[in-house]
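Taking it in order: structure first as structure tokens, then the write-up.
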Amino acid sequence: MDGESDDRHPGLHSEQRWHPSWAPFRGMGWDEFSGMEASEKVPLFTRDGRIYDCLFAQQFDRRLLDRLCRVADKLRSITKTRDGDMFVGSLLFDKRAILVFNQPSSRTFLSFQNACHILGMKTSEIRDVSTSSFAKGESDNDSVRTFSSYVHLMIMRMKEPGLVEKTAWHLNSGTNRPVPVINAGSGTDQHPTQALLDVYTMERCLEGGIDGKCIVMVGDLKRGRTVRSLSYMMRNYKGVSITYVSPEQFRMGKDILDFLDRHGIKYSETDDF
Amino acid sequence: MDGESDDRHPGLHSEQRWHPSWAPFRGMGWDEFSGMEASEKVPLFTRDGRIYDCLFAQQFDRRLLDRLCRVADKLRSITKTRDGDMFVGSLLFDKRAILVFNQPSSRTFLSFQNACHILGMKTSEIRDVSTSSFAKGESDNDSVRTFSSYVHLMIMRMKEPGLVEKTAWHLNSGTNRPVPVINAGSGTDQHPTQALLDVYTMERCLEGGIDGKCIVMVGDLKRGRTVRSLSYMMRNYKGVSITYVSPEQFRMGKDILDFLDRHGIKYSETDDF
Amino acid sequence: MDGESDDRHPGLHSEQRWHPSWAPFRGMGWDEFSGMEASEKVPLFTRDGRIYDCLFAQQFDRRLLDRLCRVADKLRSITKTRDGDMFVGSLLFDKRAILVFNQPSSRTFLSFQNACHILGMKTSEIRDVSTSSFAKGESDNDSVRTFSSYVHLMIMRMKEPGLVEKTAWHLNSGTNRPVPVINAGSGTDQHPTQALLDVYTMERCLEGGIDGKCIVMVGDLKRGRTVRSLSYMMRNYKGVSITYVSPEQFRMGKDILDFLDRHGIKYSETDDF
């Protein structure tokens, strides 16, 4: 009807506009992109110095972790009063999130949904999204792109490894209206927000915080995506050592152990619980 | 407890009150009603000059289509700012909608749900409503009537042809508290709101709008309820011609072709894509 | 991070704090607790003279029933205007409820969900909660406790008898952050809120209210949890007599008949409809 420019809803005839940081990766396929080092990807999922897509633990440095812990403390304090609750509930009152889960998880789902509600966001959900064509490597998942156009934020939990990151990659590099994507659990690779919760709990409960502590992680370390994300985050704390306890067949993956070696973090492994 | 009159929640002893326009149809059964011409039905689903139940494409005239396109433009403009989003989100803040879908459709469902949220409405949903007794012709579907009593608006997608219209008929003629019904896809007959989207897109993207254009519709035209609704709406534009492209077994229904003939709209059919 | 005291979110190291009224029941198992008389339990599910957990009909006395009817009248009156709707929608705007249903019920579910929305509450839901371990008598159902930590109110419908009450017992006696629990239908034992609706309807529609009336209850009285709850509530009205009509195998339970005998309420039974 009109020919005006619209930053949020580009005219249908407008050229696709890539975020400048993605320009060099225009035309790069997913296989090539996904093989890049995390350190190369971090800037791409960052905007104006802040995390845009929250995908993996390597995106968090000490400054940010400390800041998030302070914000969490502040929110706990503010929401002790009704006025505080009302204020927090107005922060994102004009925003909408969609939860895209293809892996059942009542706790994670309800936790994210209520977190949205606390901040005033409206939520919708899709639990049975067919991701098969997307997972097989097709470049344009029309469903995910369509869902993203309804909302301001996508929260995704996918049983397929890498599929959450692939969605963020696709929205950033293959569409002209990306929205932030939060990884609420991806395959067996990462679960960064649950690791954030563990970091906050340890910072809050351990005398002197995480620095200098010995952290023991027990269980199925091979497929435990939260302990993987948490191990990455330990890089940010001084003098931490990790003890991994698991049966032989559920040992922590070599990629994590290599990461710890590279960053000089002491660890040991045992099956003796 | 009290004997006061209450327009919205009539006392339980009060006589059923029919909207005056429905008076002549009191006692008419569904079979007879559903056989009436669309032009006879349009006034019944209208209140105070505005569409009350949004059921089929024949309810839309040019004046209304133009107005809806202008409103859509205005909403896009208003919601470029947070203040605008907050304003739009307050418009129906005190209203509640229910989405009654017995046919899976993530896109249509999420689109309507987020549209409600944008306007500030709260939503609830029912996906497995048993409509068998209703579909079989019983006059009083207690479930649908009960659901309607919880909300201000029903958005329905039904796989059975005519069932959305039947619900609106039932609420208007057989209950004393109708709520508006929006057809979000009904059997193979109509899908008027998706046709509205197509109209808006064409008006917005085609130089000079729809008037005088040749529209090509391709695919399963026999069961494609959106192309059926869109064909009806083409009556409102000047000098439009339509080309239907489909395999022989999926040709556009004769009722639509007859409609086009009656309104002097040129069309052709081909299976040569 | 800090060591401050926090009434709503106790520090992780803090001792569990039981509500004083629960102190004598600390350490009492569920089997023993559930065998107690309703009259002994009522004070435990009460806080500051008001019902905290709404679990069974015996919690309602005449003063409260009359008050609830007046509040319902008032709400009907207030919500005749948009300003009234907006006011009511602000009452619990900062609160969140979860609906935990393991028994399908569209009407009850949608009724509670829309009631929450009318009062401004945000809702989340869980329909497939695994209650097997909880039902088997384990003292700590981690799922239910976790869900309760996300919200201010739990609305539960459970097919297992006693499971709703058990949840309230568990949150009050075994956690340090109980939230109120509303029984939206529990096994075959009680459905107090639906009985409240019947009380309100009778008070509103019967000349002179319920006092002195003969109430006829018809159907499957053995498993009809609403007629059971309603029978308990009849204790609060003067000169009520009840006629139970059912086939022999669906007669009202002896516990209810004993209750009526104890409170001098006349009743008769018949299978002659």
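Report whether or not A:T123 is of a type in the set (S, T, N, Q), outside any loop (DSSP other than H, G, I, E, B) and touching a residue at least 40 places away in the same chain (Cβ under 8 Å).
On the way: of a type in the set (S, T, N, Q): yes; outside any loop (DSSP other than H, G, I, E, B): yes; touching a residue at least 40 places away in the same chain (Cβ under 8 Å): no.
No; evaluated as a whole, the condition is false for this residue.
Scanning the stretch B:81-97 for residues that are closer than 30 Å to C:F112 by Cα, without any contact (Cβ under 8 Å) to a residue 12 or more places away in the chain and more than 9 Å from every other protein chain (Cβ to nearest Cβ) gives a single hit, B:F87. Looking across the stretch A:47-100 at every residue that is in a strand (DSSP E or B) and more than 14 Å from the chain's Cα centre (by Cα), the one that is farthest from A:S149 (Cα to Cα) is identified as A:R47. The residues of the stretch A:103-122 that are surrounded by 15 or more Cβ atoms within 10 Å (Cβ to Cβ), of a type in the set (S, T, N, Q) and more than 8 Å from every other protein chain (Cβ to nearest Cβ), listed by number, are A:Q103, A:T108.
All of A:V88, A:V100, A:V71 fail the test of being at pLDDT below 95 and either closer than 30 Å to C:L92 by Cα or assigned by TED's automatic domain parsing to the domain that holds A:M154 (or both), apart from A:V100. Here C:V100 passes the criteria (1) within 11 Å of chain B (Cβ to nearest Cβ); (2) closer than 26 Å to A:D85 by Cα except the one numbered (1). Of all residues in the stretch B:66-80, those that are more than 10 Å from chain A (Cβ to nearest Cβ) have Cβ atoms under 9 Å from Cβ atoms of residues that are of a type in the set (F, W, Y) and outside any helix (DSSP H, G or I), 6 or more apart or on another chain, in B:L68/B:F60. Take the residues of the stretch C:131-180 that are over 21 Å from C:R47 (Cα atoms) and aromatic (F, W, Y): which is modelled with the highest pLDDT? Out of the qualifying residues, it is C:Y150. Could you check the stretch B:21-40 and list, in sequence order, the residues that are within 22 Å of the chain's Cα centre (by Cα) and without any contact (Cβ under 8 Å) to a residue 40 or more places away in the chain? Correct list: B:S21, B:E32, B:G35, B:M36, B:E37, B:A38, B:S39, B:E40.
All told, B:M28 falls short of being within 14 Å of chain C (Cβ to nearest Cβ) and modelled with pLDDT under 90. Scan the stretch B:4-22 and give yes if some residue there is farther than 23 Å from B:R177 by Cβ and either at pLDDT below 95 or of a type outside the set (F, W, Y) (or both), otherwise no. No, because not a single residue in the stretch B:4-22 is farther than 23 Å from B:R177 by Cβ and either at pLDDT below 95 or of a type outside the set (F, W, Y) (or both).
Okay, residues lined up against (1) among the hydroxyl-bearing types (S, T, Y); (2) buried (at least 22 other Cβ atoms within 10 Å of the Cβ); (3) not assigned by TED's automatic domain parsing to the domain that holds B:P104:
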| residue | (1), (2), (3) |
| --- | --- |
| B:S148 | yes, yes, no |
| B:R157 | no, yes, no |
| B:M217 | no, no, yes |
| B:S231 | yes, yes, yes |
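Please enumerate the residues belonging to the stretch B:204-227 that are more than 14 Å from every other protein chain (Cβ to nearest Cβ), closer than 19 Å to B:L68 by Cβ and not hydrophobic (A, V, I, L, M, F, W, C).
Listed by number, the residues that qualify are B:K213, B:T226.
The values are calculated or read from the model by the stated rules, or taken from the named source; none is laboratory data. Everything quoted here is computed from the prediction, not taken from an experiment. Glycine gets a Cβ as well: all are built from the backbone with ideal geometry, and neighbour counts include every protein chain shown.
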